[in-house]
Amino acid sequence: MKKTLLLASVACLISASANANMWHDVTKNMDPYIGADYVYSNLDVKGKAKHVEKNFNSALLNAGVNIGEHFGLEAFYQMGGSRKSHHDGVSKKFKFNAYGLDAYGYMPLGCAKKFSLVGTAGMAVYDTQLKYEGKHDKSKVGYRVGGGMQYKLTDHVSARVIGRYGYIGAKELNHVAEVAAGLRYSF
């Protein structure tokens, strides 16, 4: 019995060591990063919000991981801010925020591979708030696609510009077209 228990323990230690080596092989190609973007958004608002200001300047914070040189995942939170407008003597205030997850594809160019073309697709939750004849809060899941470019400034810092289209289909917010520019810091 003692020999069986000893052999089982040794087998567990060997398999744990093998799994640790396998996990090291997987994670050595993973490159985590954090970033911040400036985002210019043009919203297609309708319904009760149709006369609110449609252009927003916002900040976006993100954290992601590049898996190899061609694929990545990124979680983000966008603070859209709020805009007031007056139409026919009526005051309206519209606010939006978004958070979600995007998958990225990278196509490095050149011998140094500092410049990459970028494609992205993902999902986001868009939280909207309209103050007009009361307060109307909505949350709706939207789909996003985009493309752009990224340039590695150093081994740890890169700059990125992306144009993106998001379809929301909510009562007050149909879709959004955005341009984002920002920096990433890789660990």
Exercise. What pairs come up if the first residue lies in the stretch 102-131 and is over 21 Å from G169 (Cβ atoms), the second is open to solvent by 70 Å² or more (accessible area, probe 1.4 Å) and among the hydroxyl-bearing types (S, T, Y), and their beta carbons are under 8 Å apart, counting only those six or more places apart or on different chains?
Worked result: K114/Y151; F115/Y151; S116/Y151
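Rundown of residues vs (1) at pLDDT 90 or above; (2) farther than 29 Å from S116 by Cβ; (3) touching a Lys or Arg at 6+ places or on another chain (Cβ under 9 Å); (4) surrounded by 13 or more Cβ atoms within 10 Å (Cβ to Cβ), yes/no style:
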| site | (1), (2), (3), (4) |
| --- | --- |
| T128 | no, yes, yes, yes |
| D137 | no, yes, no, no |
| G142 | yes, no, no, yes |
| G148 | yes, no, yes, yes |
| L153 | yes, no, yes, no |
| A181 | yes, no, yes, yes |
Problem set entry | Test result for Y106, open to solvent by 30 Å² or more (accessible area, probe 1.4 Å) and closer than 22 Å to Y143 by Cα | no
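For the stretch 92-116, how many residues are in contact with a Pro (Cβ under 9 Å, 6 or more places away or on another chain) and under 18 Å from L73 (Cβ atoms)?
To start, the set of residues in the stretch 92-116 that are in contact with a Pro (Cβ under 9 Å, 6 or more places away or on another chain) comprises 114-116.
Cutting the leftovers down to under 18 Å from L73 (Cβ atoms) gives us 116.
Summing the residues that are in contact with a Pro (Cβ under 9 Å, 6 or more places away or on another chain) and under 18 Å from L73 (Cβ atoms) in the stretch 92-116 gives 1.
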Exercise. Restricting the search to the stretch 164-179, which residues are under 18 Å from Y104 (Cα atoms) and open to solvent by less than 30 Å² (accessible area, probe 1.4 Å)?
Worked result: R164, G166, E178
Exercise. Within the stretch 71-82, is even one residue in contact (Cβ under 8 Å) with a residue 24 or more places away in the chain and exposed (fewer than 14 other Cβ atoms within 10 Å of the Cβ)?
Worked result: yes
Problem set entry | Residue that is modelled with the highest pLDDT [pool: residues in the stretch 158-177 that are over 23 Å from N66 (Cα atoms) and of a type outside the set (A, V, I, L, M, F, W, C)] | Y167
Problem set entry | Scope the stretch 155-187; condition among the β-branched types (V, I, T) and either in contact with an Asp or Glu (Cβ under 6 Å, 6 or more places away or on another chain) or without any contact (Cβ under 8 Å) to a residue 24 or more places away in the chain (or both); matching residues | V161
Exercise. Which of the following residues is farther than 18 Å from K135 by Cα, open to solvent by less than 20 Å² (accessible area, probe 1.4 Å) and touching a strand residue (DSSP E or B) at 6+ places or on another chain (Cβ under 6 Å): V39, V52, V65?
Worked result: V39
Exercise. Do you know which residues across the stretch 75-90 are in contact with a Phe, Trp or Tyr (Cβ under 6 Å, 6 or more places away or on another chain) and either of a type in the set (S, T, N, Q) or more than 16 Å from N55 (Cβ to Cβ) (or both)?
Worked result: Y77
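The values are calculated or read from the model by the stated rules, or taken from the named source; none is laboratory data. Given the structure is predicted, the values throughout are model-derived calculations rather than measurements. Backbone-built Cβ (ideal geometry, glycine too); neighbour counts: all protein chains shown. For the accessible areas, the whole protein counts, side chains as well, though only heavy atoms, and no ligand, DNA or RNA atoms are used. Shrake-Rupley method; radii C 1.70, N 1.55, O 1.52, S 1.80 Å.
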